[in-house]
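Contents: one structure, followed by commentary.
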Amino acid sequence: MLESMSDDILQRVIKVVAEAQKLPIEKITAESTFEELAIDSLDGIQLLFHLETEFDINIPDEAAREVRGIKELAEGVAKLVAQKTA
Amino acid sequence: MSQRRVVITGLGCISPLGPDVESFWAKARLGESAIGPIRSLDMSDVRFQNGAEIHGFVPTEHFDEKQLIPLDRFAQLAVVAAREAVRQANPQWSDAEREKTAVVTGSCYGGKTSEDEGFREIYANPGKRARVHPMTIPRLMANAGTSWIAMEFGLQGPSYTVSTACSSANHAIGQAFWLVRSGICDLAVTGGCEAPLTPGSMKAWEALRVVSPDTCRPFSKDRKGLVLGEGAAMLVLESEERAKGRGAVILGEIAGFGTSADAHHVTQPTIEGPSLAIRRALEDGRIDAAAIGHINAHGTGTPANDPVETAAIRRVLGTQADYARVTSTKSLHGHAMGAAGAIEAVAVTLTLARAEAPPTANYLGLDPDCDLPLILSPEACHAEYALSNSFAFGGLNAVLLFRAYRG
């Protein structure tokens with residue numbers, strides 16, 4: 001899935017995470033987990049809010065609960081963006 | 001059986017008069033009023049223009065950016081005031097004592113700023129997928145002040161928020177006082193916090209027609225209403241035994257608490273309800289009315305409150321009502337709703353501790369129905385006991401009895 005996901009989406013997701021978490025952008029990679037980035041449940045729902053704004057998508061609760069890291073997050077976003085434009 | 005005594009070992013206050021207790025007192029003791037044109041809001045469509053705002057408060061000087069995300073202004077003020085009070089008290093908590101420290105705060109509105117801002121877009125754009133910030137609920141919950149204070153200091157005792165409109169802080173402090181006096185808790189951090197200056201609440205107050213078009217003139221002829229304010233004040237309460245045992249500086253004592261309901265009308269006060277609360281505060285403190293030397297009145301400056309409060313004080317204090325010196329510091333710091341009683345508790349504690357009483361500002365002359373012995377210029381105060389009244393819309397009354405601590 002990651003291969004098919006545009007690098008642009010991944011980079012935009014990383015930028016949103018960096019800004020929301022007040023983290024240096026270079027510390028975040030596709031392989032980073034929420035645990036490594038100290039993103040707790042409250043941080044997570046704020047990330048979803050900012051991603052919905054950035055990509056103009058609606059992230060369902062069920063899908064959001066499964067996400068544990070940046071790669072999954074970007075994949076989920078890419079899927080929703082694809083659905084939107086399909 | 002002798003009762004456990006409850007003393008005050010810390011005070012914190014952020015108000016329109018200043019960012020801390022000493023700046024508050026420097027102006028309050030001289031009767032300098034912070035009431036002026038409201039600058040933070042567009043007031044062009046509001047009939048009144050004046051309020052008591054905190055100017056110069058920069059949240060990032062007190063919290064990092066991430067901490068601020070779930071914090072409404074009222075909770076920020078709560079934590080800032082609590083930090084000052086705890087710093088002064090330096091309670092030296094053991095882990096076990098943290099479990100026996102209560103946090104009880106008052107708030108009328110909770111996070112009104114976040115609620116107003118968050119919902120504006122939804123109401124303005126129905127059906128347009130408008131969203132609110134995910135921290136809106138944690139920001140607006142009225143208990144946020146209590147929760148953040150508990151988290152800040154790791155306090156795990158009975159902790160909750162009391163919401164009784166303008167009496168919220170007095171109810172909160174009274175409950176905390178009872179928790180410590182009874183031995184359920186050894187310490188308490190207690191007070192009130194409010195940030196009610198939002199476009200929605202300005203219009204709501206305008207519609208209720210109780211806000212003064214100029215300023216707050218408690219007990220004065222030609223008074224025209226209350227003036228809205230904001231702020232937070234916190235007290236650290238502690239059993240006298242513990243405070244003395246650790247050599248703490250004791251600032252004052254809470255000696256009694258009385259509370260009652262009018263059970264009459266949602267905005268029209270009665271004489272009976274406030275009288276009952278004052279009488280109960282005296283009974284709770286086991287003192288006679290003749291011992292009262294000072295009163296920090298509810299004194300909102302509304303046509304309805306002040307004569308009723310005058311009659312209630314006269315009914316309970318009898319002839320002592322001609323001698324107990326009365327002030328309303330709302331004329332200085334405005335009416336901070338759920339924080340009002342806490343700001344006034346700081347004023348009363350300092351009045352008794354420093355033997356000087358803050359005057360009531362903006363007085364134009366006698367209203368025969370409000371003929372209490374008012375403090376109209378700075379004066380010495382050698383009272384041993386003082387009352388602090390709070391009477392809320394909805395007819396809920398809360399009166400605290402303070403005592404100068406003389407060991």
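The values are calculated or read from the model by the stated rules, or taken from the named source; none is laboratory data. Just so it is clear, the model here is predicted, and its values are computed rather than measured. Because the Cβ atoms are built from the backbone with ideal geometry, glycine has one as well, and the counts that use them run over all protein chains shown. Only protein heavy atoms, including side chains, enter the accessible area calculation; ligands, DNA and RNA are left aside. Shrake-Rupley method; radii C 1.70, N 1.55, O 1.52, S 1.80 Å.
Quick look at the numbers
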item	result
Carbon + sulfur, % of accessible area of the protein assembly as shown - ligands and nucleic acids excluded, 1.4 Å	52
Heavy-atom accessible area, 1.4 Å probe, ligands and nucleic acids excluded: residues of the range A:8-31 down by at least 40 Å² from chain alone	A:22
Neighbourhood net charge (11 Å Cβ-Cβ; Lys/Arg +1, Asp/Glu -1) for residue B:47	0
Other protein chain Cβ atoms within 10 Å, averaged over every residue that makes up B:129-141	2
For the range B:282-360, accessible area per residue (1.4 Å probe, heavy atoms of protein chains only), Å²	24
Probe 1.4 Å, all protein chains present, accessible-area order of A:36, B:97, B:384, A:19, largest first	A:36, A:19, B:384, B:97
Solvent-accessible surface ranking, highest first, for B:276, B:364 at 1.4 angstrom	B:364, B:276
Sequence-distant residues sharing a close amide H with residue B:255 (under 5 Å, placed H)	B:401, B:402, B:403
Top of B:369, B:20, B:186 by mean-square fluctuation, Gaussian network on chain B, Cα under 10 Å	B:369
Helix-only [θ]222 nm of the protein assembly as shown, DSSP H runs n ≥ 4, -39500 (n - 2.57) each, per residue, nearest 500	-11500 deg cm²/dmol
In nm, spacing of pseudo-spin labels at residue B:119 and residue A:82 (7 Å Cα→C-beta vector)	4.1
Over the protein assembly as shown - Rg/Rh using Cα atoms and the Kirkwood inverse-distance radius	1.06
Long pairs among A:15/B:203; A:27/B:128; A:15/B:128; A:71/B:112, criterion Cα-Cα beyond 30 Å	A:15/B:203; A:27/B:128; A:71/B:112
Residue mean of other protein chain beta carbons inside 10 Å, A:40-52	2
In the B-A interface, the accessible area buried, summed over both sides, Å² (probe 1.4 Å)	1000
Per-residue HN-Hα couplings for the range B:12-25 [Karplus 6.51, -1.76, 1.60; θ = phi - 60°; Hz; x = Gly/Pro]	x, 7, 10, 8, x, 7, x, x, 8, 5, 5, 6, 4, 6
Residue with peak Gaussian network fluctuation, chain B [Cα springs, cutoff 10 Å], from B:223, B:325, B:39	B:39
Reachable aspartates and glutamates, given that their alpha-carbon falls under 18 Å from the alpha-carbon of residue A:79 and they are not under 8 places away in the same chain	A:3, A:7, A:8, A:52, A:54, A:56, A:61, A:62, A:66
DSSP-defined antiparallel bridges as percent of all bridges, the protein assembly as shown, nearest 5	65
All-pairs Cα distance distribution in the range B:25-104, expressed in whole percent, bin size 10 Å	13, 29, 35, 17, 6, 1
